[in-house]
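Comments concern the structure below.
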Amino acid sequence: MEQPQTYRCDGCGSEYRVLGEPQPKVVCRDCDREATLSGTAAAQRAYRLGYTRYREARRQLSDALATVEDGELALARGGFDSAASDFEDSVEEFTTAVREANDDVLTEWSERARKKATCLWQAAEWLSGMTYASEQGESTQASQYRHDAENRLQAATEYGTVSSPKELLQAAATEVQSDT
């Protein structure tokens, strides 16, 4: 059975429940502005987008760390900068998921993913600074940046694994079944 999706007007805040095509254009009858997807469907979409960006950022972070080991600091810095950018984007998406979520499972998983991605974003920024300081011959500063990055990487482990959107949907379905 199809689930209605909620759209919220970006102007006046009116809400519309829509059943039918997956991405209709909904125009507010009160203020004539386009309404955007909101609620659980918006949270799930944001989580899925955040997860995709997060996975790419993790790959870039791993590649950049390997590049540091190879001694190619300028190339590694580019990788850390790309990872930081994708982590930042994932944090924005996970934040949207937290804001839009209407159930505890989705809220909890989105918040945990947001916190972990934030730690990794900060670590990538520190690692980028470390490579730059190393290139400039500032070994004391590079060591401090590396230490700060290691602290953020350690903090990230406190949030466990970021679950896939599929795992999230399964957990949400299990929660709904246990409530009935």
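The values are calculated or read from the model by the stated rules, or taken from the named source; none is laboratory data. These numbers were taken from a predicted model, which means no experiment stands behind them. So basically every Cβ, Gly included, is an ideal-geometry build from the backbone, and we count neighbours across all protein chains shown. Note: areas computed on protein heavy atoms with side chains; ligands, DNA, RNA excluded. Shrake-Rupley method; radii C 1.70, N 1.55, O 1.52, S 1.80 Å.
Of Arg33, Arg8, which has the most accessible area and how do the rest follow, probe 1.4 Å?
Arg33, Arg8
Taking only protein heavy atoms into account and a 1.4 Å probe, give the accessible area per residue of segment 55-127 in Å².
48 Å²
Find the centroid of the Cα atoms in segment 97-168 and in segment 79-93, then give the distance between the two in whole Å.
Taking the Cα centre of segment 79-93 as reference, the centre of segment 97-168 is 10 Å away.
How large is the direction-averaged shadow of the alpha-carbon convex hull of segment 40-159, in nm²?
Mean shadow area of the hull around the Cα atoms is 6.7 nm².
Could you give the length gained by full extension between Ser143 and Arg48, i.e. 0.36 nm per residue of separation minus their alpha carbon distance, to one decimal place?
This chain segment gains 30.6 nm when fully extended.
Could you sort 138-147, 92-101 so that the peptide with the highest average Cβ count within 10 Å comes first and the rest follow in order?
92-101, 138-147
Ignoring ligands, DNA and RNA, what percent of the 1.4 Å accessible area of segment 97-180 is carbon and sulfur?
Percent of accessible area from carbon and sulfur atoms in segment 97-180: 47.
Taking a temperature of 37 °C and a viscosity of 0.692 mPa s, what whole-number D in µm²/s does Stokes-Einstein yield for segment 103-171 with Rh from Kirkwood over alpha carbon pairs?
Diffusion coefficient, whole number: 247 µm²/s.
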